[in-house]
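Every number here is computed from the coordinates shown, using simple stated rules; none is lab data. Owing to the predicted nature of the structure, the values given are computational and were not obtained by experimental measurement. Every residue, glycine among them, receives a Cβ derived from its backbone with ideal geometry; neighbour counts consider all protein chains shown.
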Amino acid sequence: MNNQKYAEMKAKHPDWSDEQIWTAISFDMEADNVIEKEGEDIDMNDPNIMTEIINGARRWLEEVLPQIFEKVKKFFDELITTLATWISKGLKYIIDLISKLF
């Protein structure tokens, strides 16, 4: 799969694997979807909003790129189980975690 979002993310993180790039893209796209649906004044520190973003990103990867999802499935499981620990750090923290995936 090749697209503009992939090229942009690869340019920002040239040493990232495909799994890392597609995981970051899934979060980016789902955050945009949630903001569009809920409105721009949402609280990104709201655990319900973050759970919605994580679950949406997970679903997208599982449906669109199942081979990538299988490699990062545990990452999503860990995000959900440790939600309370990192919620105050927000989406940027997730991107930082992605950089440590492999």
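Loop only by DSSP, 13 or fewer other Cβ within 10 Å of the Cβ. Give me the chymotrypsin sites (Phe, Trp or Tyr not before Pro) in region 12-93 that pass, ordered by residue number.
Within region 12-93, no chymotrypsin sites (Phe, Trp or Tyr not before Pro) qualify (loop, at most 13 other Cβ atoms within 10 Å).
Below 8 Å, C-alpha to C-alpha, sequence gap of six or more: please give me the relative contact order for the chain in percent.
32
Roughly what % of Cα-Cα distances in the chain sit above 17 Å, to the whole percent?
49
What number, rounded to the nearest 500 deg cm²/dmol, is the helix-based mean residue ellipticity at 222 nm of the chain, given -39500 (n - 2.57) per DSSP H run of at least four residues and division by all its residues?
That comes out to -24000 deg cm²/dmol.
Compute the long axis of helix 18-38 from its Cα atoms, compare it with the longest principal axis of the Cα atoms of the chain, and write down the angle in degrees, 0 to 90, nearest 10.
30
Using 5 Å bins from zero, what percent of all Cα-Cα pairs in region 1-47 falls into each bin?
5, 20, 25, 17, 13, 15, 5
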